[in-house]
Amino acid sequence: MRFFRRSLVGLFLMALTVGLLFVGGHSIYSALQDKWARESTPRTARERVFSVNVVALEPATVTPVLTSFGEVRARRTLDLRAPVGGTVVELSPDFQEGGTVRKGQLLARIDPADAQTAVDVSRTDLVEAEADLGDAQNALALAEDDLVAAQDQLALRTRALQRQLDLKTRGVGTEASVETAELAQAAAKQSVLTRRQAIQQAEARVNQARTLIERRRINLTNAERLLADTEVFAAFDGRLSGVTTTQGSLVANNEQLAELIDPDALEVAFRVSTAQYARLLDDAGALTVAPVTVTLDVLGTDLSFEGRLTRESAAVADGTTGRLLFAELSDPQGLRPGDFVTVAIEEPVLERVAVIPSTAVDAAGAVLVLGEDDRLENGEVIVLRRQGDDVIVLARGLRGREVVAERSQLLGAGIKVKPIRAGRPAEEAPEMVELDQDRRAKLIAFVEANGRLSKEMKARMLARLGEAKVPADMVERLERRMGS
């Protein structure tokens, strides 16, 4: 009895094992059939369509703007230096860094004691020389009077000799009287010569005195100039920079005290390439007086100033290229020498050109043109200027055509695209449709049975299919995969 019961249990366990093996084999066979069915079903290849931004090539008149960077400089500066050495005894209250001064204002005074002493000594020497001149002139006058007296004496002696000769002729006079008269005449002549020599000496003394006076006047003028150099004045209205001295300090001759800058006379020095410089020349080869806009970036706020080109550098400095240009600013309020600014120059106008994004053109000047059936074609343009994120191009034969604004490695000739034109939203609202119960159930069943979708993707798609309205492109895509 026990044997029989154990046999029945063994038969039951064997039957159960066989049944489980059968169920497992059937499940594996069903899964393989589904896989073979999916692999044998031919898939329909769909062409991929890219969405691209397009811009139209519309000819227009464009004024190119040349952009460069430069430094603000002062057109009028003056180094304030000490003309003489000494101690600074007085400074203007405005003699400080950034101080505003007026033309003719006294800025600094150096100790004038030595210079004043030199002036007084030179003035005294001049007075002494003038006194010497007076004495020489008086001596000359006396010498001239002596000459007149000697000449009168000579005339008297000459008449006396003539009288003695007449007496001798009449036989009344004697030889001794005639000889005495001749000796007296000769002595009178010698006296006249002596008086003439005295006059010459007196005249030479007068000339020497006058020369000494001129020399003393020059010395006095030089001393007064040195005295005036002890005071430093402002040559024009401006502001002080680089102040290096204080009251009581000892300065040397020609030592720089400060720098005077005219804040209303500023200019911008900036460098351009030789090609850019060539575009700024007129027909005669001279630099055009082109308008210039100078921009100073102050914590994100741009301050703009107007100006014009004035001149160019005479030579190219060692180690540099291009040309150094200068632009005069009309109203530079707010700028300071040394500011780093952006310079924009208006170039001559270009006719019948187009402005497109720089990303639309490759290095060879090729563009992708939108053709028939929204397929791309190769095109070619000539890049004339590059301005920031845009380029100015000359597009022959492409007038009115649309080109791709942003090129990529995925785009090329023959590829179908979905153009997004300027002024239209980049993503339009998708078209929504309402589904009946049968159609919705079929789509849900297809999604649930699709083993290639991830759980997250299935959850999102089932959530969309459960809504009242479903995107039309989603329904179309699912039905295409279902083969309906």
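Derivation of every value follows stated rules applied to the coordinates shown; laboratory data play no part. Since the structure is predicted, the reported quantities are computational estimates derived from the model, not experimental observations. In this analysis, Cβ positions are derived from the backbone assuming ideal geometry, glycine residues included, and neighbour counts consider all displayed protein chains.
Tell me which lysines have Cα within less than 30 Å of K418's Cα, excluding those fewer than 8 residues away on the same chain?
Reachable lysines: K458, K469.
On a 0 to 90 degree scale, rounded to 10, what angle separates helix 472-482 from the longest Cα axis of the chain?
Rounded to the nearest ten degrees, it is 50.
How far, in degrees from 0 to 90, does helix 455-465 lean away from the longest principal axis of the Cα atoms of the chain, to the nearest 10?
80 degrees
Report, to the nearest 10°, how far helix 175-228 tilts away from the longest principal axis of the Cα atoms in the chain, using its own Cα long axis and a range of 0 to 90°.
Its long axis makes an angle of about 20 degrees.
Whole angstrom only: what separates the Cα centroid of the stretch 68-93 from the Cα centroid of the stretch 363-409?
57 Å
Charges only on Cβ, +1 for Lys and Arg, -1 for Asp and Glu: so what's the dipole of the chain about the Cα centre, in debye to the nearest 20? Display every interim value, and only then the final one.
Working: 61 positive and 71 negative charges, 757 e Å.
Charge dipole of the chain: 3640 debye, to the nearest 20.
Just from the alpha-carbon atoms, what are the Rg and Dmax of the stretch 114-228 in angstroms?
Rg then Dmax for the stretch 114-228, in Å: 25.2, 86.
Write down Rg/Rh for the chain, rounded to two decimals, with Rg from the C-alpha atoms and Rh from the Kirkwood relation over Cα pairs.
Values: Rg = 56.9 Å, Rh = 36.8 Å.
Checking Rg against Rh, the ratio lands at 1.55.
Once amide H atoms are built 1.01 Å from N in the peptide plane, which residues 5 or more positions from A290, or in another chain, come under 5 Å H to H?
Here the answer is L309, since their amide H atoms fall under 5 Å of that of A290.
Mind jotting down the distance between the C-alpha centroids of the stretch 280-335 and the stretch 110-179, whole Å?
So the two Cα centres are separated by 78 Å.
When the Cα atoms of the stretch 431-482 are enclosed in a convex hull and the volume is divided per residue, what value in Å³ results?
Working: hull volume 3.5 nm³, N = 52.
So the per-residue hull volume is 68 Å³.
If Lys and Arg each add +1 and Asp and Glu each add -1, what is the summed charge of the other residues whose beta carbon sits under 9 Å from the beta carbon of L325? Don't skip to the end; give the middle numbers.
Values: positive: R271, R311, R323; negative: E312.
So the environment of L325 carries a net charge of +2.
Spelling out what I want: for every residue of the stretch 9-16, take phi, set θ = phi - 60°, compute 6.51 cos²θ - 1.76 cosθ + 1.60 (Karplus), and round to whole Hz; glycine and proline get x.
For the stretch 9-16, the Karplus curve yields 4, x, 5, 5, 5, 5, 5, 4 Hz.
Taking amide H positions as placed 1.01 Å from N in the peptide plane, with prolines and chain starts having none, which residues 5 or more places from G371, or on another chain, fall under 5 Å of its amide H?
Excluding prolines and chain starts, which carry no amide H, the hits are L376, E377.
Would you calculate, for the chain, the mean residue ellipticity at 222 nm contributed by helices, counting each DSSP H stretch of 4 or more residues as -39,500 (n - 2.57) and dividing by all residues, to the nearest 500? Could the numbers behind the result be given before it?
Working: 7 runs with 190 residues, N = 484.
Rounded to the nearest 500, the figure is -14000 deg cm²/dmol.
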